[in-house]
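Notes to accompany the following structure.
The values are calculated or read from the model by the stated rules, or taken from the named source; none is laboratory data. Please read all numbers here as calculations on a predicted model, not as lab measurements. Note: ideal-geometry Cβ built from the backbone for every residue, glycine included; neighbour counts use all protein chains shown. With ligands, DNA and RNA removed, areas are computed over all heavy atoms of the protein, side chains included. Shrake-Rupley method; radii C 1.70, N 1.55, O 1.52, S 1.80 Å.
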Amino acid sequence: MKIRKITDFNIIAQFLAHTFSAPTHWPDWNLIISKHYNLKFYYFGAYENNQLIGICPIYENREHSLVKLTSGQVYYIPYGGWIFNNPVNLILNKTPLSYNRSFCGFTLPIINEFNVNYLKSVSGDFQTLIIDLKKPYDEIFHKSYEHKARKAIRKALKNQVTITINNDLELFYPYYIKSCEVRNLTVQTKLFFNDLFTGSTNIKFEISWASQGSQLLGFLVIIYDKNFAIGFWSYMFPESPKLGQGDLLIDEAVRHSQKYGCDFFDLCYIEKERLPNIYEFKKGFSQNEIPIINFAIRSLSYRLLNKITK
């Protein structure tokens, strides 16, 4: 297997169109990120017999003589790593790198459909919770959801909480700012979100709003492509009554993702110790904990150069 740099993004789109994919790996989302953050972006392509068999999104950052390559956890993109069109055993620390380059990031969740088995993980593992959408909805509701989630959903419906889809940026953006203030996060521009919501053809962003009558209670943003959906951003309004709106938003996202043909819904990262309350909430919908590999490859020459430049 040979690794080559790919800058022709049509090649990537054609590959993903015929391969089990995730929204994080399409050029659509990545080119918007690279544009707004002024980052150099391209792909690693894996070839066998001159045929493309796998792709990995790459962001490049140069600091003096050092070059840092990142795939995954790049600003608003949670996942990187490889997607192959057939099962492959891959040793990450065998990635060919020149003496002054490092390579780090977060892979996609380790499920069979992405066709990669990472051998000799070079760092720690994280986890996410995934709902298998190939099962009938009734089976998901009664076997994947815990009793507390089902109870909260019924509470929301009893209190006439409704879910509507509305991608109006003028409605979303002020609440997005509030959510960043609560989480102490950097606020992105409205133009950034306009590009995200309207500038992609292979992936879709969707904002679902929970309300009781005329009162908005919270929102959930999901992003999905033809195979995989991700819970991308959520915010429950702190002044609103607790009517099970968060649970109902997840349930509706599961229904919609099934309708769109996705095979999985990813609740997007769990941190049991640092964020136990969020973990317990997400666990109410799935007990299917899937590892995510956090990798960091730094050669001895890179580490020596890093010390010298500092």
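Things to note:
- Alpha-carbon radius of gyration plus Dmax, which is the widest Cα pair, for the stretch 223-267 in Å: 11.9, 36
- Separation of alpha-carbon centers, the stretch 178-201 and the stretch 47-70, rounded to whole Å: 27
- Mean separation of Cα contacts under 8 Å (6+ apart) over length of the chain, as relative contact order %: 23
- Peptides 31-42, 237-248, 75-86 ordered by average Cβ neighbours within 10 Å, highest first: 75-86, 237-248, 31-42
- Taking N as its residue count, the alpha carbon Rg of the stretch 162-310 over 2.2 N^0.38 Å: 1.25
- Principal-axis tilt of helix 27-37 within the chain, Cα atoms, nearest 10 degrees: 80
- Relative contact order of the stretch 220-284, defined on C-alpha pairs under 8 angstrom at six or more residues apart (%): 35
- Between the C-alpha center of the stretch 1-38 and that of the stretch 72-129 there is a gap of 15 Å.
- Counting only lysines at least 8 places from K282 when in the same chain, those with an alpha carbon closer than 20 Å to its own are K134, K135, K143, K148, K151, K155, K242, K272.
- Derived scalar couplings ³J(HN,Hα) [the stretch 240-246; Karplus, 6.51 cos²θ - 1.76 cosθ + 1.60; whole Hz; x for Gly, Pro]: 8, x, 8, 10, x, 5, x
- For the chain, the longest principal axis of the Cα atoms and the long axis of helix 147-158 meet at an angle of about 50 degrees.
- Diffusion coefficient, µm² s⁻¹, Stokes-Einstein with Kirkwood Rh over alpha-carbon pairs of the stretch 1-120 at 10 °C and 1.306 mPa s: 109
- Heavy atoms of T201 accessible to a 1.4 Å probe, total area in Å² rounded to 10: 110
- In this simple spin-label model, placing a label point 7 Å from the Cα along the Cα-to-Cβ direction at both L39 and M236 gives a separation of 3.1 nm.
- Prolate/oblate/rounded call for the stretch 250-296, Cα gyration tensor, a/c under 1.5 rounded: oblate
- Phi-based couplings in Hz for the stretch 90-107 (Karplus 6.51, -1.76, 1.60; Gly and Pro marked x): 10, 9, 4, 6, 9, 4, x, 10, 6, 4, 9, 10, 10, 9, 9, x, 10, 6
- Applying 0.36 nm per residue to the separation of A296 and L157 and subtracting their alpha-carbon distance, the gain on full extension is 45.4 nm.
- Solvent-accessible area assigned to carbon and sulfur over the chain amounts to 50 percent, based on a 1.4 Å probe.
- Accessible area in square angstrom per residue, the stretch 1-157, 1.4 angstrom probe: 47
- Extension gain from V187 to E48, taking 0.36 nm per residue of separation minus the Cα-Cα distance: 45.7 nm
- Whole-Hz Karplus values for the stretch 3-18 come out as 9, 10, 7, 10, 10, 8, 6, 5, 4, 5, 4, 5, 5, 5, 4, 10 Hz, taken residue by residue from phi with 6.51 cos²θ - 1.76 cosθ + 1.60 and θ = phi - 60°; glycine and proline positions read x.
- Among K283, K5, the sequence by solvent-accessible area, most first, with a 1.4 Å probe is K5, K283.
- Taking each residue as 0.36 nm, the span from Y75 to H147 lengthens on full extension beyond its C-alpha to C-alpha distance by 22.4 nm.
- Alpha-carbon gyration tensor eigenvalues x 5, square-rooted, for the chain, Å: 35, 22, 19
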